[in-house]
Amino acid sequence: MKVSAFTFIKNGQILGYPFVQSINSILPIVDEFIINVGESEDDTLAMIKSIPSSKIRVIESRWSDAMKDRGYVYGQQKMIAQFNCTGDWLFYIEGDEIYHEDDLVKIEKSMRRYNDNDNVEALVFDFYHFYGNANTFLDSPGWYRSEARILKNSLRSYAPDGLYWLVLDNKSNKKSRFPKAKHTGAHCYHYGWVRTQEQMNLKSRKVQKYWNKQHKEIDYSQMDFQVIKEFHGNHPNVIKDWIPKELGLFEVDPNYNPTKKQIKHRFMMKIEKMFGLDLSKKHFKLVK
């Protein structure tokens, strides 16, 4: 069994991505790591090249500013890296995602267990979406609670954006579906909303054009308090020096008025609690 990891990154340093920690978090269990580095305004490329591992192969690319349709340029850059992978499994990781060292054996065992099972096409992780600080995460149907991050390389797959895959039907190039998946029993630790508010706003100013949208100022305090949860676990060792050192739950504005979408999510959360459901969107189909 051969495992390929892959990612894409641009301006990772100035936008506050812990991309070096992200790469290092899964490097021990992969055989090769394909990194597509977009032309950047900082030292992102040099920082990646300084990682002492022969597993890493760097591709340099230039993003098309003409591509402004729903962030599809992210799908393009993801696929550039994916199409250069040679492993049986493809482990996709984003520059603000980290995996715990205690879960690596569990993840590797899942890949070995289902490597020859044609009914299992992908492997799924639950997510911690940290917010404001490292002691706080968001739990709502509006924030995907689980997602497929490992896919078999034998599939005819593509990424409509950077977050998930679609698999082309065997009999048609026009029909697609979500991959059939099993759960790894492990978590992905997502730290994108832990970077400073200034870095998040800089990111927004630089990337909203790829969605044909205008930047709107981001204020971390403007969040529905009902989706704020306290994290009681341990963070991966590789990220501990990067995360903010504040203690306690992140404080949001108590006078914040939730949006219509957030009010809808509140209602969905009540239904979830009543019936033991998970109504968050899933880009995979769990199989028995």
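Annotation: of all residues in segment 64-85 being farther than 16 Å from ILE34 by Cα and without any contact (Cβ under 8 Å) to a residue 60 or more places away in the chain, the one that is most open to solvent (accessible area, probe 1.4 Å) is ALA66. Among the residues of segment 86-106, those identified as open to solvent by less than 60 Å² (accessible area, probe 1.4 Å) and either farther than 25 Å from VAL194 by Cα or at pLDDT below 95 (or both) are GLY87, TRP89, LEU90.
Per-residue answers, yes or no, for (1) more than 27 Å from LYS152 (Cβ to Cβ); (2) modelled with pLDDT of 95 or more; (3) over 20 Å from the mean Cα position of the chain (by Cα); (4) assigned to a helix (DSSP H, G or I):
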site	(1), (2), (3), (4)
ILE51	no, yes, yes, no
ALA66	yes, no, yes, no
ILE80	no, yes, no, yes
ASN84	no, yes, no, no
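All of SER172, SER146, SER154, SER176 fail the test of being over 13 Å from the mean Cα position of the chain (by Cα) and closer than 22 Å to TYR72 by Cα, apart from SER176. When PHE267 is tested against the conditions (1) open to solvent by 100 Å² or more (accessible area, probe 1.4 Å); (2) under 24 Å from HIS100 (Cβ atoms), the lone failure is (2).
Restricted to segment 176-222, and to residues there that are in contact with a Pro (Cβ under 9 Å, 6 or more places away or on another chain) and part of a loop (DSSP other than H, G, I, E, B), the residue that is most open to solvent (accessible area, probe 1.4 Å) is THR196. Return yes when PHE250 is surrounded by 14 or more Cβ atoms within 10 Å (Cβ to Cβ) and modelled with pLDDT of 95 or more and no when it is not. Yes, satisfied. None of ASN153, ASN135 is touching a residue at least 24 places away in the same chain (Cβ under 8 Å), out of contact with any His (no Cβ under 8 Å at 6 or more places or on another chain), more than 21 Å from VAL3 (Cα to Cα) and surrounded by fewer than 22 Cβ atoms within 10 Å (Cβ to Cβ) except ASN135.
The values are calculated or read from the model by the stated rules, or taken from the named source; none is laboratory data. It should be emphasised that the depicted structure is a prediction, and the values quoted were computed from it without experimental measurement. Positions of Cβ are backbone-derived with ideal geometry, glycine not excepted, and every protein chain shown enters the neighbour counts. The accessibility values were calculated without ligands, DNA or RNA, using every heavy atom of the protein model including side chains. Shrake-Rupley method; radii C 1.70, N 1.55, O 1.52, S 1.80 Å.
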